[in-house]
Amino acid sequence: MSEAPALYVYGASGHGKVVADAARAAGMGVCGFLDDDRPRHGQVLLGLPVEGGLEAIEGRQGRVAVALGVGKNRARIDVLERLVAAGHRVVTVVHPSAFVASGVTLGDGTFVAPLAVVHTEARLGRACLVNSGAVVEHDNVLGDGVHVSPNAALGGSVTLGTEVHVGLGAVVLPGVSVGARSVVGAGAVVIADVPEDVTVVGVPARRLRAPRATAGPGRSK
């Protein structure tokens, strides 16, 4: 029987600590952290060393596995792609208190936090983050790098594009789609489709307009 690969968490930050703690709770032995921020190298988090950046595991393909502890959506995808290109295995982490139903697909590098629910036939892309107490209902489709924040809820058959961020306690009603890179503000209730690259807030959720430019030297009123 082959020995399990050494598991590292990429991201020596608050979210990285959450992922490491969940991995431990799930019986995954974590041996350290990785991070691109050099001042963090040599620090100790949760009793585990920050061993360095990607260079710390160079040449060890097949003998290490990495979980993603990076909070920002685009950065999480970038780290995933760098690890894959270097030949490293990127794993999903599911806290044992979370509920993941039958027929669910979890992409590589996805994290499902304590007390979260991912229901039947939901399909989550790579590097997704379903945070504490969040609900991803049946038949949802989430693109790569999506973050569903703590206590947010997605009704059935919701579609979220790549890098969508659903804020704390927000609700997306059944059948609604949110376009890539858009943000749903904390506590918002989304009742209609949202286009790409916008922020919506409020109840019901409405597009947040950019502030109007103020008059100044050389600028007409």
Computed about the Cα centre, the charge dipole of the chain from +1 Lys/Arg and -1 Asp/Glu charges at the Cβ has a magnitude in debye, to the nearest 20, of 800
Evaluate the Kirkwood expression for the hydrodynamic radius of the chain, namely the inverse of the mean inverse distance over all pairs of different C-alpha atoms, and round to one decimal in Å. 18.2
HN-Hα couplings for segment 187-193 via Karplus (6.51, -1.76, 1.60; θ = phi - 60°), in whole Hz with x for Gly/Pro, come out as x, 6, 10, 8, 10, 9, 4
Taking placed amide H atoms and a strict 5 Å upper bound, the residues 5 or more places from VAL66 or on another chain that come that close are TYR8, ARG89, VAL90, VAL91
Shape call, segment 6-91: gyration tensor on alpha carbons, a/c limit 1.5: rounded
Kirkwood Rh for segment 90-186 from C-alpha pairs, in Å, is 12.4
Inter-part distance where segment 11-33 and segment 178-210 are each reduced to a Cα centre, Å: 32
Angle, helix 73-85 long axis vs. longest principal axis of the chain, Cα atoms, 0 to 90°, nearest 10? 40
Under a point spin-label approximation (7 Å from Cα along Cα-to-Cβ), what is the SER102-ALA86 distance to one decimal in nm? 4.0
Could you work out how far helix 14-25 tilts from the main Cα principal axis of the chain, as a 0 to 90 degree angle to the nearest 10? 50
If amide hydrogens are placed 1.01 Å from N in the peptide plane, which non-local residues have theirs closer than 5 Å to the one on ALA153? VAL135, ALA170, VAL171, VAL172
Which FRET efficiency value, to the nearest 0.05, do you get for LEU208 and VAL44 by plugging their Cβ-Cβ distance into 1/(1 + (r/R0)^6) with R0 = 45 Å? 0.65
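Here, each number is a calculation from the coordinates, and none is a lab measurement. Computed from a predicted structure; not experimentally measured. When we count neighbours, we look across all protein chains shown, and the Cβ atoms used for this are built from the backbone with ideal geometry, even at glycine.
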